[in-house]
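Some notes on the structure that comes next.
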């Protein structure tokens, strides 16, 4: 066991446990760590639990007890046909009002000291329970989320899909078969019209799903913040992806283009193969503002009514986001890039305060413009999902839900009581990031979730599923625990904070059924014991990635003095036929999990072509992430891995050819078939792999301005969406996928 807390104050440890902090944790090597006492004290203080003295510790313990009692009365969460039990002392008479309006009167039964229960409820939904003086929301969830089979039914080919980075999509120029004009300002950078075209062609090619990168709201006034996994708000959409003619029509957009000044009209972005958001986003917003001003003056009555209805449905959350966007743009010039609401004058920190109200009244047009942008964006997403379903996709879009939000953004400003402050979400040291990771994001406060009947979590799920047939939850391990790092601390000096996983999984199942959506969890990394089994019970697919589907082999700890090694823990047992696989070999398709989405790679990992060519190794060498000797070892290891993969492809019957030596060119079609042969209920293939591209969308740890920074989140596809599924290589790859899925 590593040193850490040592002889930590027992009262402090009890407070930490009560607050959900884990004083002990185990790393990927099996070593147990004690969290340092200063880290615990810092984290408790950050969570609003003073602990500098015995008196403060006692008071904080009392505060947690009071919160637990109050939170128990906010929401009761149960599963269909499970008798809800809860803490209560009083008259046992109750009235249960179901979501459909039906009422039942009954008497609660004793269920242990200080607890009562009511009979099981067979109807899922959000019901209301009145007992004594309590009014409790009773959420009754189905036993599991919808399965892929629930949505697709029986099909001759096992379901498969494609994955796309929305920003990377390009449409063909007008007059070359594009279904909509490519307006000035839209020559570079994806949009919802391109996504709709892609969805139509993917569906016509037989895909059941289209998994997309996050489309959360970013910072429209600050185009340098374009990482889709660091959004301003997960409740709203990225205005950069708007295609205005979807709602306004080509004539209105064309008129607005004609009204723009010559400098704007001549400022077309050059096609460098990368999206220059610094140039593209301001240009798009200028045209959209002109369109909005025209809309206010002489917009058609039916569109005005739709806009008003959208604004009314959005309510306070929409108005707060629009107000943030206006305030952020107002202060950005003085405060500079990467600033946030914490840098504004203090009177503007409260989104419901009088100063913010006065600003909103004085800048109604600005706020209305940002509401208008969300209306256009929402309509674009709706169109893309409609195209997917009309083209025969039983699932359609699979939205991507980021793990958290930028603490300087709209969500953190407007929902301050629901979010953690003063910490960053990240990951402890592991095999691939030996120093740990700090993502610079904030996340929900588990205490606030309980006290507010999980309103923020439910609201976020509904936003993600509004126009999608599925959702991928990034770092779904965060439903069980989050690695939190105090400000200015090393990622290694963090601590796990537990989350109410069982309640959150039940609510996830309830919302998934209400939206008829599949749920996929990115469960890679340091996985808590029993977590994957919990996902299976709830019908949530995990994620199986080719590069990680290797038989166990010795894992050596970095910088180990003794050089001793340890065998990793075996994977949880799967209900598949056992086969003998040598250490380090790629697991054959039949051994892959039937409870996970299968994919060759992810946005953070090499493409098939890039992995085979060692493109990722080349980048890490260029970025000096490895010393020279380690670089040579990695190159040798990759050659060994290529041989291992080639043998696996041969053994699975996915490749043919003389001998066991791997070919020079990446065996892309064979790898696609290999992944497609797995028993996974859904196999998803990135467009980068279908097109044989070498560059991965994101190389973690390589951000920054200038050279030699990797071009994270800005690379464009070389082929227009109108033409992807007519490309000879793509046609051949999809044929290999379909044939393998028939045999899976």
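The values are calculated or read from the model by the stated rules, or taken from the named source; none is laboratory data. The model shown is predicted, which means the values in this text are computed figures rather than measured ones. Don't worry about glycine lacking a Cβ; one is built from the backbone with ideal geometry, like all the others, and counts go over all protein chains shown.
Residue check: residue 339 meets all listed conditions (1) modelled with pLDDT of 95 or more; (2) surrounded by 12 or more Cβ atoms within 10 Å (Cβ to Cβ); (3) assigned to a loop (DSSP other than H, G, I, E, B) but one, namely (1). In contact with a helix residue (DSSP H, G or I) (Cβ under 8 Å, 6 or more places away or on another chain) and either in contact (Cβ under 8 Å) with a residue 24 or more places away in the chain or on the phi > 0 side of the Ramachandran plot (or both): is that true of residue 353 in this structure? Taking the combined requirement at face value, the residue does not satisfy it.
Taken over segment 609-663, the criterion of being under 27 Å from residue 709 (Cα atoms) and touching a strand residue (DSSP E or B) at 6+ places or on another chain (Cβ under 9 Å) is satisfied by 641 alone. Residues in segment 530-553 that are under 16 Å from residue 680 (Cβ atoms) and in contact with a strand residue (DSSP E or B) (Cβ under 7 Å, 6 or more places away or on another chain): 532, 535, 540, 541, 542, 543, 544, 545, 549. Whether any residue in segment 446-468 is closer than 24 Å to residue 33 by Cα and surrounded by 21 or more Cβ atoms within 10 Å (Cβ to Cβ) is what I want to check. Checked against the condition, which is being closer than 24 Å to residue 33 by Cα and surrounded by 21 or more Cβ atoms within 10 Å (Cβ to Cβ), segment 446-468 yields at least one hit.
Here residue 269 fulfils each of the conditions (1) under 15 Å from residue 182 (Cα atoms); (2) touching a helix residue (DSSP H, G or I) at 6+ places or on another chain (Cβ under 6 Å); (3) part of a helix (DSSP H, G or I) apart from (3).
The rows are residues; the columns are (1) surrounded by fewer than 22 Cβ atoms within 10 Å (Cβ to Cβ); (2) over 30 Å from residue 609 (Cα atoms).
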{"position": "512", "(1), (2)": "no, yes"}
{"position": "515", "(1), (2)": "yes, yes"}
{"position": "518", "(1), (2)": "no, no"}
{"position": "525", "(1), (2)": "yes, no"}
{"position": "534", "(1), (2)": "yes, yes"}
{"position": "541", "(1), (2)": "no, no"}
{"position": "548", "(1), (2)": "yes, no"}
{"position": "552", "(1), (2)": "yes, no"}
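Among the numbered conditions (1) under 27 Å from residue 603 (Cβ atoms); (2) at pLDDT 95 or above; (3) outside any strand (DSSP E or B), the only one that residue 144 does not meet is (1).
This table checks each residue for (1) over 25 Å from residue 237 (Cβ atoms); (2) out of contact with any strand residue (DSSP E or B) (no Cβ under 8 Å at 6 or more places or on another chain); (3) not in a loop (DSSP other than H, G, I, E, B).
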site: 357; (1), (2), (3): yes, yes, yes
site: 360; (1), (2), (3): no, yes, yes
site: 369; (1), (2), (3): no, yes, yes
site: 379; (1), (2), (3): no, yes, yes
site: 385; (1), (2), (3): no, no, yes
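Go over the candidates 253, 162 one by one and state the one that is buried (at least 23 other Cβ atoms within 10 Å of the Cβ), outside any helix (DSSP H, G or I) and modelled with pLDDT of 95 or more. Only one candidate qualifies: 162. Considered as a group, the residues in segment 76-89 that are out of contact with any helix residue (DSSP H, G or I) (no Cβ under 8 Å at 6 or more places or on another chain) and within 19 Å of residue 104 (Cβ to Cβ) include one that is modelled with the lowest pLDDT, and that residue is 88.
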